[in-house]
1. For segment 63-72, which positions are under 11 Å from Glu34 (Cα atoms) and of a type in the set (S, T, N, Q)?
2. Residues in segment 164-184: is at least one part of a loop (DSSP other than H, G, I, E, B) and either farther than 22 Å from Glu34 by Cα or within 20 Å of the chain's Cα centre (by Cα) (or both)?
3. Can you pull out the residues in segment 64-110 that are in a helix (DSSP H, G or I), touching a residue at least 40 places away in the same chain (Cβ under 8 Å) and open to solvent by less than 50 Å² (accessible area, probe 1.4 Å)?
4. Considering each of Tyr387, Tyr403 in turn, give the residue that is modelled with pLDDT of 95 or more and surrounded by fewer than 19 Cβ atoms within 10 Å (Cβ to Cβ).
5. Is it the case that Ser32 is out of contact with any helix residue (DSSP H, G or I) (no Cβ under 7 Å at 6 or more places or on another chain), free of Cβ contacts under 8 Å to residues at least 60 places away in the same chain and of a type outside the set (Asp, Glu)?
6. Among (1) under 27 Å from Asp302 (Cα atoms); (2) in a helix (DSSP H, G or I), which single condition is Gly40 missing?
7. Please go through (1) farther than 30 Å from Gln309 by Cα; (2) among the small types (Gly, Ala, Ser); (3) in contact with an Asp or Glu (Cβ under 8 Å, 6 or more places away or on another chain) for Ala132 and return the number of the only condition it doesn't satisfy.
Amino acid sequence: MSTLFALSDDRLRELAASALERARAFGATDASCEVSESTGLSVSTRKMQVETIEHTRDKGLSVTVYIGQRRGNASTSDFAPGAVAQAVEAAYNIARFTAEDDAAGLPDDDALERAPRDLDLFHPWDLDTETAIELARRCEQAAFDVSRQIVNSEGANVYTNSGHFVLANTRGFVGGFPYSRHSIAVTPIAKNKDGMQRDDWHSSSRVPEELAEPEAIGRYAARRALARLAARKLGTRQCPVLFEAPLVCGLLGSFVQAASGGSLYRKSSFLVDALGKPLFAPHVSVHEDPYIPRASGSGPFDEEGVRGQQRDVVAEGRLTGYFLSSYSARKLGMKTTGNAGGAYNLELRSRLTQPGDDFAAMIRKLGTGLLVTELIGQGVNYVTGDYSRGASGFWVEGGAIRYPVEEITIAGRLQDMFARIVAVGADRYERGGRITGSIIVEGMTVGGA
């Protein structure tokens, strides 16, 4: 194990085992315990001056105790034997006075991942503070060097985090792994006689060598900000909308929220009873794969120790699966899908996509309509699917960008938007375990002046 960590993997396992033994001694019928440790560095600069330097070193032990179908949870950051015992006792006492819940309990034995695979998720970055500051400054300087119209910056950030954990329960499951996450980001501000515009860009990976060069990030972010200068307003209209790939990752996140067990059993989703029904356009599928090596959305098991599934959650436009934990699955009378903690790597696919369908080709396919590059606000109603967000981007005519636009809204319903996807680009982009190209959605309402 890396010298980054103060505690060995064996020590984490010992702590988890001791907590489970104490839970049994108190009289718990079942218990689970997670013990973790992480370390990180985050450096921010603004106009080349250091703004923040944050070193983090965290550790924690969380224990869940079951007395029959009554559940209690407690945690501690103190690993001394007495503190661990107090946490277990607190969880036990909470369970004693909690009402029974027929869905509570550990996962079924046959769902637990007893032989987790190594997905190569741990690539620590040997990064000291001085080097991180230099990288942030290089990123910002590259943005300023693009044009005199880049007059300010909301800052650049360099971030690295590594951790490891062990999850264990009284059914004999013990598993854990080390992981890492790294990123570089910048947000430059451009100005001309008409006003100021900002935009941002970032690069993230589990592997530091796979990050984009800071200069490339800074230059691209600056060009994005410059392109938004002299933005106009639009009149209200119906038109096709091209969503840039990073925004489609957000739309996939909205899909996950609506298709998650917690929303479904609470009847707070428009996808209640939608399993097997058409949802997306028939050419679209959504593929989930927990086992992509090095990917940000990968994991050999979920937060309960349950193995995930390689599957099409959407196949030929039809919703074929939900995202369920053991608890939400029992509430729905179904089986867990291994998604306690959320979805794994989700990829939006279309059988109509051709290798040459890059972003420029997608703009040509749009013809005349709105290209959206930024969304503002949280206007999504998951009960009805109603969707209304502030937006900015570019007006496109004849397959070419004509001018930037701002202070507009786009509105529709998620289920209609999914069904009206007419094209998915080959400009694949990954953010937060979501993988997709840009998409064109027909017939959206654009609200403007």
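1. Thr64
2. no
3. Answer for segment 64-110, where residues must be in a helix (DSSP H, G or I), touching a residue at least 40 places away in the same chain (Cβ under 8 Å) and open to solvent by less than 50 Å² (accessible area, probe 1.4 Å): Val84, Ala85, Ala87, Val88, Ala91, Tyr92, Ala95.
4. Step by step, each of Tyr387, Tyr403 is checked, and only Tyr403 is modelled with pLDDT of 95 or more and surrounded by fewer than 19 Cβ atoms within 10 Å (Cβ to Cβ).
5. No: the conditions fail for Ser32.
6. So the condition that Gly40 fails would be (2).
7. Only one criterion is unmet by Ala132, namely (3).
Residue-by-condition table, conditions (1) in contact (Cβ under 8 Å) with a residue 60 or more places away in the chain; (2) open to solvent by less than 30 Å² (accessible area, probe 1.4 Å):
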site	(1), (2)
Leu112	yes, yes
Ala115	no, no
Ala136	yes, yes
Val146	yes, no
Val174	yes, no
Val186	no, yes
Ile189	no, yes
Asp194	no, no
Asp200	no, no
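The values are calculated or read from the model by the stated rules, or taken from the named source; none is laboratory data. Quantities reported herein were computed from a predicted structural model and do not represent experimental measurements. Heads up, the Cβs are rebuilt from the backbone with ideal geometry, glycines too, and the neighbour counts pull from every protein chain shown. Ligands, DNA and RNA are stripped out before the accessible areas are found, and what is left, the full protein with its side chains, is counted by its heavy atoms. Shrake-Rupley method; radii C 1.70, N 1.55, O 1.52, S 1.80 Å.
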